[in-house]
1. What is the angle, in °, between the Cα long axis of helix 265-278 and the longest principal axis of the Cα atoms in the chain? Nearest 10 is fine, range 0 to 90.
2. Can you give me the angle between helix 240-253 and the longest principal axis of the chain, using Cα atoms only, in degrees from 0 to 90, rounded to the nearest 10?
3. Could you put 259, 207, 40 in order, starting from the residue whose Cβ has the fewest other Cβ atoms within 10 Å?
4. Rounded to the nearest 5, what % of DSSP beta bridges with both residues in the chain are antiparallel?
5. Plugging the Kirkwood radius over Cα pairs into Stokes-Einstein for region 202-278, at a temperature of 4 °C and a viscosity of 1.567 mPa s, what D comes out in µm²/s?
6. Could you give the angle, 0 to 90 degrees to the nearest 10, between helix 66-78's Cα long axis and the longest principal axis of the Cα atoms of the chain?
7. Can you put 55, 288, 244, 83 in order of Cβ neighbours within 10 angstrom, beginning with the fewest?
8. What is the pair-distance distribution P(r) of region 52-93, computed from all Cα-Cα distances in 10 Å bins starting at 0, with each bin given as a whole percent?
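Just so it is clear, none of the values below were taken in a lab; they were calculated from the coordinates. Fair warning: this is a prediction, and the values are worked out from it, not measured in the lab. Reconstructed Cβ throughout: ideal geometry from the backbone, glycine too, with neighbour counts over all protein chains shown.
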């Protein structure tokens, strides 16, 4: 998979602006993708936010393998880190997060009243990689559509504080990726979930690489969704040729047909990626602690 050096100018500018905005923040909400909690962490987290309280939100938890997510949460707890897994679109999950935030703000309310100062809303900076769900979370928190949302990365370009009644003041920030992505697994995972624009990496490479990984980690889900039979019990040992044969069989089973009864692979490359992203294949995690 080719080298990626995708760091648009708005990302570099936003990183500089973010530094000047942190002085107003009471709390950092880092929004990650629950399917890849390691690759989707904010690249500057330790450097920029070490003096601020940080909560890590594992968004899209309804798409991730729940047993894997639970292991990530247990690992974070052993390090006294606040990690929360939630479906941002779930009312119950949203109410739980709001309750936690309001409870957290009580310390600042107490200090303000002790000093005879005006009680301010909890000032929250929301950060994350592109297409992680930051803007959706902000809109849900403040109760109206103020932050632009899209299923494509790179929509938010400017930093903007948004007031949500008397409870919250939230800073929406553009998604920022590391200037370089050096490992094959990170490239595959970020591309598969849509954090990297689809035109940056060859979709055929991403799709087949993801298929091979799911053959190893979730063979039962692949068999069930695409109606193929995996003869080998040791899917880890499947060769590239054997995996490619299964990929073509899956394309035929899903009626992705070209002339002469051959598999329509360009169509299936896209279909497979979209079915993974939407959760139609099943609840899948790409990274385990």
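1. 40
2. The angle comes out near 90 degrees.
3. 259, 207, 40
4. Here the share of antiparallel DSSP bridges comes out near 25 percent.
5. 104
6. 40
7. Working: 55 18, 288 12, 244 15, 83 21.
Least to most surrounded, the residues fall as 288, 244, 55, 83.
8. Answer for region 52-93: a P(r) of 29, 53, 18, 0 percent.
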